[in-house]
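Novice: Below is one structure. I have some questions about it.
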Amino acid sequence: MKNEQTTDLEKLRHSSAHVMAAAVCRLFDNVQLDIGPSTDDGFYYDFDLADRITPEDFERIEAEMKTIVEEDLPFERLEVSRDEAKEILKGQKYKLQRLSDIPEGEAITFYKCGEFQDLCRGPHVESTGKIRTFQLMNVAGSYFRGLETNPMLQRLYGTAFTNPKQLRLYLKQVEEAKKRDHRRLAKELDLYSISEKVGPGLVHWHPKGARIRSIIEDFWKKEHFKNGYDILYTPHVGKANLWETSGHLDFYKEGMYAPMDVDGQEYFIKPMNCPFHIEIYKSGLRSYRELPLRWAELGTVYRYEKAGTLHGLFRVRGFTQDDAHIFCTQEQIEEEVKEVIRFCNMIWKTFGFTDVKAYLSTRPEKAVGEPAQWDQATKSLEAAIKAEGLPYEIDEGGGAFYGPKIDLKVKDAIGREWQTSTIQFDFNLPERFDLKYIGSDGEAHRPYMVHRALLGSLERFFGILTEHYSGGFPVWLAPEQVRILPLSDDQMDYANELLSELRNAEIRATIDKKQGKLNGKVKNAQLDKVPYMLIIGGKEQENSQVAVRHRLKGMKGECSLEEFIAQLKKEELAKTIVDMEVSD
């Protein structure tokens, strides 16, 4: 269960942001301050100042922070009137705008350490002397309030921990993450690209990346059919009145692309698949005997994301969401949710993610639906988490206005946590679209509706998967499972025979036909992260054998091609994860 109070680490990091801002104010002139919150892995503060902060400035900013820490200045909480706050913030234009966001009647508080005081709710550590282990990480641009029409500020990032060992481990993780950056690996392994000529945030899948994606999609479809889902395909555009009924034009229009005129009517490219699935539900009269309906789609959607937020495959403008919607009765809901969590957990473990944690978000103050519905839905979600034996935290009041939800987060090979699957109740859309089914009593009833995204989006999942494996995908996912390395042209006919047999066995194989020595060919296969190499020389050809080399384990010995195929197929079928590397 999650503690609703701010954690000690969050307080430490938020206090570190104040110390960093105090140091910047001591070192630079005419500093305009905005906000400085803690984050999942550190803190940041947004500044507007004439000087451009660069990494070369980090050492002197950190030195000034250490001075402030040594001064052991207490964090003092000050509660003031609005007029007093305006006087304190005179000349601080961004802070004055933040002040105007505070509703009338709500307490206005500052936190003061030495000469530095900041409009802030807190809480903080007792004094600056409690902050001992910190480091500045990087600096980037950030628009005030996140709007591109507003001034660009400088966002200075840092991190803080309770002891030096934790910091060292974190910095090691950061360095390892740089090596695994999917954008770099995508170039090296020729997986995908994004063309500025076509448009930012729009992904071009290259043959190798597309092969992996195709394997993922085939596995996804097969497992969904096995688990009682039906697969849907829906249009990419819909009339404006569809999005009016769903509420997207009221609440999400800024994330949708401009409408197109078709026969005098407005059409929008879809940002979500839900309304289309609902229209399929409404295409006929539904009976309780048909329920539950489990409908899934690999549906490509388009959402406007600000240019500054785009990031490789993690944040794009066009992506394929592995969407599913479940329509069921009130009596079926708990078992359905249990099955969804079991299914999600199984899929993630198959892809090599064994550390899975659930986060349950409950009813916020403003919500649609009856409180009794929320209570039952929330209890169903919690019971499902417990049934699967997952660790979990509760985020009280953190649900969407239209229903409680579960988010699953997984840890990758270097310990980073990723938001992945979402299981979301929806009491809103069934009302908006007037969904019904005929119950055993012959009366019309409102079905329960659950949104479920398992992988999230194929693009983001592919990025996570690439970094998890550092590009060295296991055999069942590898775009090229085997590379044949002939020692000379004398073995080329034999190599082509092997290639034909491998492909007939549905093994993804190629031949290295380039001139060069064996060491160079092995190195190239290693760099391309091919799981297996089959080395063939005169002896192997004469004995109708292959010399097998594993990318991570080295030489495995000689065997017949039939023996090799049988072993590879066994590994592929088991979806074995072999000796995942920490780094290359």
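Novice: Regarding region 482-574, what whole-number volume in Å³ per residue does the convex hull of its Cα atoms give?
Specialist: Given the Cα convex hull of region 482-574, per-residue volume reads 89 Å³.
Novice: Quick check: net charge around Leu487, other residues with Cβ under 10 Å of its Cβ, Lys/Arg +1 and Asp/Glu -1?
Specialist: Every neighbour counted, the sum reads 0.
Novice: Another question about this same structure. Could you tally the net charge around Asp48, taking each other residue with its Cβ under 14 Å from the Cβ of Asp48, Lys/Arg +1 and Asp/Glu -1?
Specialist: After counting each charged neighbour, the total is +2.
Novice: Now, a different point. If only Cα atoms are counted, what is the Rg of the chain, and what is its Dmax, in Å?
Specialist: In order Rg, Dmax, the Cα atoms of the chain give 28.3, 93 Å.
Novice: Divide by every residue of the chain the summed helix terms, -39500 (n - 2.57) for each DSSP H run of at least 4, and state the resulting mean residue ellipticity at 222 nm, rounded to the nearest 500 deg cm²/dmol.
Specialist: Working: 18 runs with 206 residues, N = 584.
-11000 deg cm²/dmol, from helical runs alone.
Novice: Give the long-range amide H neighbours of Asp395: residues separated by 5 or more places, or on another chain, with amide H under 5 Å away, using H modelled in the peptide plane at 1.01 Å from N.
Specialist: Result for Asp395 returns Leu360, Ser361, Thr362.
Novice: Please list, or write none, the lysines whose alpha carbon is within less than 19 Å of the alpha carbon of Lys226, excluding same-chain residues fewer than 8 places away.
Specialist: Lys338, Lys349, Lys575
Novice: Below 8 Å, C-alpha to C-alpha, sequence gap of six or more: please give me the relative contact order for the chain in percent. If you can, show how the numbers build up before the last one.
Specialist: Numbers: 1017 pairs, mean separation 60.4, N = 584.
Rounded, it is 10 percent for the chain.
Novice: Please identify the GluC sites (Glu not before Pro) of region 491-584 that satisfy two criteria: DSSP loop assignment and at most 11 other Cβ atoms within 10 Å. Which are they? Intermediate results must be reported in sequence, preceding the final value.
Specialist: Numbers: sites: Glu497, Glu501, Glu506, Glu540, Glu542, Glu558, Glu562, Glu563, Glu571, Glu572, Glu581; in loops: Glu506, Glu581.
The qualifying sites are Glu506.
Novice: Using a basic spin-label model with each label point 7 Å from the Cα along Cα→Cβ, how many nm lie between Ala258 and Lys517?
Specialist: For Ala258 paired with Lys517, the spin-label model returns 6.1 nm.
Novice: Hey, another quick one. For a quick check: sort Trp374, Trp205 by the number of other beta carbons within 10 angstrom, fewest at the front. All intermediate terms of the calculation are to be shown ahead of the outcome.
Specialist: Details: Trp374 20, Trp205 17.
Arranged by neighbour count, lowest to highest, Trp374, Trp205 become Trp205, Trp374.
Novice: Give me the orientation-averaged projected area of the Cα convex hull of region 8-162, in nm², one decimal.
Specialist: Numbers: hull surface 35.1 nm².
Its average projected convex-hull area is 8.8 nm².
Novice: Students often get this wrong: which residues of region 21-39 have the backbone nitrogen under 17 Å from the point 7 angstrom along Cα-to-C-beta of Gln97?
Specialist: Counting only backbone N, you get 31-37.
Novice: A further question follows. Across region 446-458, in residue order, what do the Karplus-derived ³J(HN,Hα) couplings come to in whole Hz, using 6.51 cos²θ - 1.76 cosθ + 1.60 with θ = phi - 60° and x for Gly and Pro?
Specialist: Computed from phi, the couplings for region 446-458 are 8, x, 7, 10, 10, 8, 9, 10, 8, 7, x, 9, 5 Hz.
Novice: Defining a contact as two alpha carbons under 8 Å apart and six or more residues distant in sequence, what relative contact order in percent does region 372-440 show?
Specialist: Working: 51 pairs, mean separation 17.2, N = 69.
Relative contact order of region 372-440: 25 percent.
Novice: Dipole magnitude of region 441-559 about its Cα centre, charges +1 at Lys/Arg Cβ and -1 at Asp/Glu Cβ only, in debye to the nearest 20? Write out the running numbers ahead of the final one.
Specialist: On the way: 17 positive and 16 negative charges, 119 e Å.
Value, rounded to 20: 580 debye.
Novice: Charges only on Cβ, +1 for Lys and Arg, -1 for Asp and Glu: so what's the dipole of the chain about the Cα centre, in debye to the nearest 20? Could you put the intermediate results ahead of the total?
Specialist: Values: 81 positive and 95 negative charges, 253 e Å.
It comes to approximately 1220 debye.
Novice: Still on this model: Hey, can you rank 140-148, 397-405, 381-389 by average C-beta count inside 10 Å, highest first? Before the final figure, lay out the partial values.
Specialist: Values: 140-148: 13.2, 397-405: 20.3, 381-389: 18.4.
In descending order of packing, they fall as 397-405, 381-389, 140-148.
Novice: Sequence neighbours fewer than 8 away in the same chain don't count; with that in mind, list the lysines whose C-alpha is under 21 Å from Lys539.
Specialist: Lys513, Lys514, Lys517, Lys521, Lys556
Novice: Excluding Ala525 itself, what net charge comes from residues whose Cβ is under 12 Å from its Cβ, given Lys and Arg +1 and Asp and Glu -1?
Specialist: Working: positive: Arg483, Lys514, Lys521, Lys523, Lys529, Arg549, Arg551; negative: Glu480, Asp512, Asp528.
It works out to a net charge of +4.
Novice: Given Cα pairs under 8 Å that are at least 6 residues apart, what percent is the relative contact order of region 8-162? Provide the component values of the computation, followed by the final result.
Specialist: Numbers: 274 pairs, mean separation 48.4, N = 155.
Worked out over region 8-162, it gives 31 percent.
Novice: Lys/Arg Cβ at +1, Asp/Glu Cβ at -1, dipole of the chain taken about the Cα centre: which of Gly456, Thr466, Gln265 is farthest positive-ward?
Specialist: Of the listed residues, the answer is Thr466.
Novice: Something else: Taking amide H positions as placed in the peptide plane 1.01 Å from N, state which residues far from Gly299 in sequence (5 or more) or on other chains have amide H under 5 Å from it.
Specialist: Excluding prolines and chain starts, which carry no amide H, the hits are Gln321, Asp323.
Novice: For region 40-45, take each phi angle, set θ = phi - 60°, evaluate the Karplus expression 6.51 cos²θ - 1.76 cosθ + 1.60, and give the result in whole Hz per residue in order, putting x for glycine and proline.
Specialist: 4, 10, x, 7, 8, 9
Novice: If you don't mind, another one. Taking the number of other C-beta atoms within 10 Å as the exposure measure, put Ser457, Ser560 in order starting with the fewest.
Specialist: Working: Ser457 21, Ser560 12.
Ranking Ser457, Ser560 by Cβ neighbours within 10 Å, fewest first, gives Ser560, Ser457.
Novice: Can I ask one more? Which angle between 0 and 90 degrees, to the nearest 10, do you get for helix 58-70 versus the longest principal axis of the chain when only C-alpha atoms count?
Specialist: 50 degrees
Novice: Between helix 492-504 and the chain, what is the angle of the helix's C-alpha long axis to the longest principal axis, kept within 0 to 90° and rounded to the nearest 10?
Specialist: Tilt of helix 492-504: around 60 degrees.
Novice: Could you order the peptides 22-28, 433-439 from most to least packed, using the average number of other C-beta atoms within 10 Å per residue? Walk me through the intermediate numbers first.
Specialist: Details: 22-28: 19.3, 433-439: 16.3.
Highest-to-lowest ranking by the protection proxy: 22-28, 433-439.
Read-outs: derived from the displayed coordinates by stated rules, not from any lab. What you are looking at is a predicted structure, and each value in this text was computed from that prediction instead of being measured. Neighbour counts run over all protein chains shown; Cβ positions are idealised from the backbone, glycine included.
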